[in-house]
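Student: Sharing a structure here in structure tokens format.
The values are calculated or read from the model by the stated rules, or taken from the named source; none is laboratory data. Computed from a prediction, not measured in an experiment: that's the story for all the values here. Here the Cβ positions follow ideal geometry from the backbone for every residue, glycine too, while neighbour counts run over all protein chains shown. For accessibility, only protein heavy atoms count, side chains too; no ligands or nucleic acids. Shrake-Rupley method; radii C 1.70, N 1.55, O 1.52, S 1.80 Å.
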Amino acid sequence: MDENFMAEAVELSIKGMLNNEGGPFGAVVVKNGEIVGKGNNKVTSTFDPTAHAEVVAIRDACKNLNTFQLDDCIIYTSCEPCPMCLGAIYWARPKAVYYGCTKQDAANINFDDAFIYKELKAPMTKRKIPFKQLGRENALKAFQLWSKKQDKNLY
């Protein structure tokens, strides 16, 4: 059964790529043996750098399940997730992820995330894109209100 779901993710990656929607990546989200979310890379066709296959599939599954977490779901993705997708996966909290190609396989066709992994390890002052803190006192107001909010939905 796992192979069938992976085959669907791969098929989405090929179809999306051939339709010029984005790079060769696809993903499906499965719950109780049924696909509840699908996605393929749509970065170039939607002008959205976050429209990676896993993110698109997570958004689709969450919409279809009417939830913001994917408890008891499994994500099948045609390639080992990039740092952004990895973060999205951890926020979605599925019970497992299966991947086809490795990040090295992706690097071999010029999808290399090594730069981002290096940036994550670098101190803020040494990153290629400057990060500067601004207006912390004002920004803290929202956090202070959140900490007092009685009807918040924790996640």
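Student: Take the residues in the range 115-143 that are assigned to a helix (DSSP H, G or I) and of a type in the set (Val, Ile, Thr), then tell me which one is modelled with the lowest pLDDT. It would help to see each step written out before you state the result.
Tutor: So in the range 115-143, the residues assigned to a helix (DSSP H, G or I) come out as 115-121, 124-126, 136-143.
Those still in the list that are of a type in the set (Val, Ile, Thr) too: 116, 125.
Details: 116: 94, 125: 91.
Taking the candidates together, the pick is 125.
Student: Shifting gears a bit: Give just the number: which of (1) of a type in the set (A, V, I, L, M); (2) in contact (Cβ under 8 Å) with a residue 60 or more places away in the chain; (3) touching a helix residue (DSSP H, G or I) at 6+ places or on another chain (Cβ under 7 Å) does residue 74 not satisfy?
Tutor: (3)
Student: Additional query: In this structure, does residue 138 turn out to be loosely packed, with under 10 Cβ neighbours inside 10 Å, closer than 25 Å to residue 83 by Cβ and not basic (Lys, Arg)?
Tutor: Numbers: loosely packed, with under 10 Cβ neighbours inside 10 Å: yes; closer than 25 Å to residue 83 by Cβ: no; not basic (Lys, Arg): yes.
When the stated conditions are applied, residue 138 does not pass them.
Student: Can you name the residue in the range 10-59 that is assigned to a loop (DSSP other than H, G, I, E, B) and acidic (Asp, Glu) and, of all such residues, is farthest from residue 92 (Cα to Cα)? Show your work before the answer.
Tutor: Looking only at the range 10-59, we keep the residues that are assigned to a loop (DSSP other than H, G, I, E, B), and these are 19-25, 32-33, 41-42, 47-52.
Of the ones still in play, those that are also acidic (Asp, Glu) are 21, 48.
Details: 21: 24, 48: 20 Å.
Among them, the one singled out is 21.
Student: Of all residues being outside any helix (DSSP H, G or I) and out of contact with any strand residue (DSSP E or B) (no Cβ under 8 Å at 6 or more places or on another chain) in the range 90-110, which is farthest from residue 22 (Cα to Cα)? Just the residue, please. Break it down into steps so the answer makes sense when it comes.
Tutor: Initially, the range 90-110 is screened for residues outside any helix (DSSP H, G or I), giving 93-102, 108-110.
Still in the running and out of contact with any strand residue (DSSP E or B) (no Cβ under 8 Å at 6 or more places or on another chain): 93, 108-110.
Working: 93: 26, 108: 17, 109: 14, 110: 14 Å.
Top of the filtered list is 93.
Student: Take the residues in the range 69-84 that are surrounded by fewer than 17 Cβ atoms within 10 Å (Cβ to Cβ) and over 10 Å from residue 54 (Cα atoms); name whichever of them is nearest to the chain's Cα centre (by Cα).
Tutor: From the range 69-84, those surrounded by fewer than 17 Cβ atoms within 10 Å (Cβ to Cβ) are 69, 71-72, 83-84; that's our starting set.
Remaining after also requiring over 10 Å from residue 54 (Cα atoms): 69, 71-72, 83.
Working: 69: 13, 71: 16, 72: 17, 83: 8 Å.
The selected residue is 83.
Student: Is it true that some residue in the range 100-120 is touching a residue at least 40 places away in the same chain (Cβ under 8 Å), among the hydrophobic types (A, V, I, L, M, F, W, C), in contact with a Pro (Cβ under 8 Å, 6 or more places away or on another chain) and open to solvent by 70 Å² or more (accessible area, probe 1.4 Å)?
Tutor: Scanning the range 100-120, I find at least one residue that is touching a residue at least 40 places away in the same chain (Cβ under 8 Å), among the hydrophobic types (A, V, I, L, M, F, W, C), in contact with a Pro (Cβ under 8 Å, 6 or more places away or on another chain) and open to solvent by 70 Å² or more (accessible area, probe 1.4 Å), so the answer is yes.
Student: Across the range 1-35, what is the total count of residues that are of a type in the set (A, V, I, L, M) and in contact with an Asp or Glu (Cβ under 8 Å, 6 or more places away or on another chain)? Talk me through it step by step, then tell me what you get.
Tutor: As a first pass, look at the range 1-35 and keep what is of a type in the set (A, V, I, L, M): 1, 6-7, 9-10, 12, 14, 17-18, 27-30, 35.
This time we only want the ones that are in contact with an Asp or Glu (Cβ under 8 Å, 6 or more places away or on another chain), so: 27-29, 35.
The number of residues fulfilling the criteria is 4.
Student: What pairs come out if I take residues in the range 77-89 that are of a type in the set (Ser, Thr, Tyr) and pair them with residues that are part of a helix (DSSP H, G or I) and open to solvent by less than 20 Å² (accessible area, probe 1.4 Å) whose C-beta lies under 6 Å away, six or more apart or interchain?
Tutor: Cβ pairs passing all conditions: 77/9; 77/54; 78/9; 78/13.
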